[in-house]
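Structure first, commentary second.
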Amino acid sequence: MPERDPLQSRAVGRPRVGCCSWCFHSFAGGSSPEEAIDIMGEIGFEGIDLILLARDDIRDFWTEPRVSSIKKQLERNKLEVAQFVIFQPVIEGLTSTDAAVRERNLDYFEDGCRIGRQFGAPILNIVAPWPRELSRPGGGYLPRYYDLSNPKPGEKFHIDIAPGFDWEQLWQTYIESTIACLERVKAHDMKLSIEHHTHTMIPDATTFLRLWDAIRDPALGYNMDVGWTLSQREYPPVAIHKVKHHLMNLHMRDIDGLMRELVNVGEGVMDFEAIAEALKAIGFQGFLSIEQDKHPGDMKATCRRYLEMMKGYLALRRDEG
């Protein structure tokens, strides 16, 4: 068995509650987290996920003066950067069969490492890319394409698969790309967390474990998104026990009873208390950060509700009541 390495340098003896900056800003390139930081500090979160949204932002947004200013703002709000995230489109070419394309995307990845390290982030996070040979009809973000809410007569759920699609070759290429990412992230004294989404190279906990077994590097860990987990009919507390000491971070969402819509936290069927119990059972000491999809309602109120709920669940087990 591999030795456990749960980022002890940052550990405070318990899980901590955070928030993703994009709860309060868009995914458009150039979107600033500065307003979000003040909101999160006022609410009382312990940590924040920041994000690189576009390739142009490497040069045009994350400048040294802005990084310096945001670091001071984080200090004022007593917020630790739990992870620095690279948005999937920035490094989508990591699964390309073209070595030159993969190399360019590794350079974008390393730019993200450099920015994240300036904030003292212990982890660089990416959503696993999906094969470029797969696409949804009409285009768009493939992971969000998983149902037909109102199908027309005769309409079928369909994904376009390009000629020559070779899963085994793509899997080996993805292993090589992940090893290359690890070499770069470790050069910046960080670790790498892979997040799973539908139709990507890593859709669930079991697939991540297959990747880890192929690489076996303690710098590689899992970022569990509980909403995406349950949308694929995997119970998050069980998935937590599966990945155990490989779990580096969680993104927290709620979901409706059909496991389709990621609703406002507190309005769905996600068993947050059972998640908290599973985390305590495995000794998790990282962050559980709300990543709320934007729906009608008060985002600040939703985040406050989440924070208070998790503070309660993390402090009290069912069998202690």
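Worth pointing out:
- Å² of accessible area per residue within the chain, as computed with a 1.4 Å probe and no ligands counted: 44 Å²
- Taking amide H positions as modeled 1.01 Å from N, with prolines and chain starts lacking one, the residues under 5 Å from F287 and 5 or more places away or on another chain are R16, L250.
- Among 239-248, 33-42, sorting by the average number of other beta carbon atoms lying within 10 angstrom of each residue, highest first, gives 239-248, 33-42.
- Neighbourhood net charge (14 Å Cβ-Cβ; Lys/Arg +1, Asp/Glu -1) for R102: -4
- Selection of trypsin sites (Lys or Arg not before Pro), segment 108-211, meeting DSSP coil and at most 13 other Cβ within 10 Å: K156
- Nonlocal amide H pairs with M270, under 5 Å, H built at 1.01 Å: I255
- Helix runs (DSSP H) in the chain reaching 20 Å along axis by Cα, Kyte-Doolittle at least -0.5: 167-187, 299-315
- Across K71/K191; K156/K242; K191/K294; K78/K311; K72/K280, pairs whose alpha-carbon gap is larger than 24 Å: K156/K242; K191/K294; K72/K280
- Global size of segment 172-233 as Cα Rg and Dmax, reported in angstrom: 11.9, 37
- The packing ranking of peptides 56-64, 119-127, 306-314, highest mean first, is 119-127, 306-314, 56-64, where packing means the average number of other beta carbon atoms within 10 angstrom of each residue.
- Contact order normalised by residue count of segment 210-300, Cα under 8 Å, 6+ apart, percent: 28 percent
- Summing charges over all other residues whose Cβ lies under 9 Å from the Cβ of V265, with Lys and Arg as +1 and Asp and Glu as -1, gives 0.
- Rounded if a/c under 1.5, otherwise prolate or oblate - segment 239-321, Cα gyration tensor axes: prolate
- Fraction of accessible area attributable to carbon and sulfur, the chain (%, probe 1.4 Å): 49 percent
- Alpha carbon centroid spacing (whole Å) that separates segment 46-68 from segment 254-321: 27 Å
- Counting DSSP beta bridges with both ends in the chain, the antiparallel % (nearest 5): 5 percent
- If you bin all the Cα-Cα distances of segment 1-140 at 10 Å, starting from zero, the percentages per bin are 11, 37, 32, 17, 3.
- Rg/Rh ratio calculated on Cα atoms of segment 104-205 (Kirkwood radius): 1.07
- Pairwise Cα separations in the chain fall into 10 Å bins from 0 onward with the following percentages, short to long: 6, 26, 36, 25, 7, 1.
The values are calculated or read from the model by the stated rules, or taken from the named source; none is laboratory data. Just so you know, these numbers come straight off a predicted model, no measurement behind them. Please note: Cβ atoms are built from the backbone with ideal geometry, for glycine as well, and neighbour counts cover all protein chains shown. Quick note on the areas: whole protein, heavy atoms, side chains included, nothing else; ligands and nucleic acids left out. Shrake-Rupley method; radii C 1.70, N 1.55, O 1.52, S 1.80 Å.
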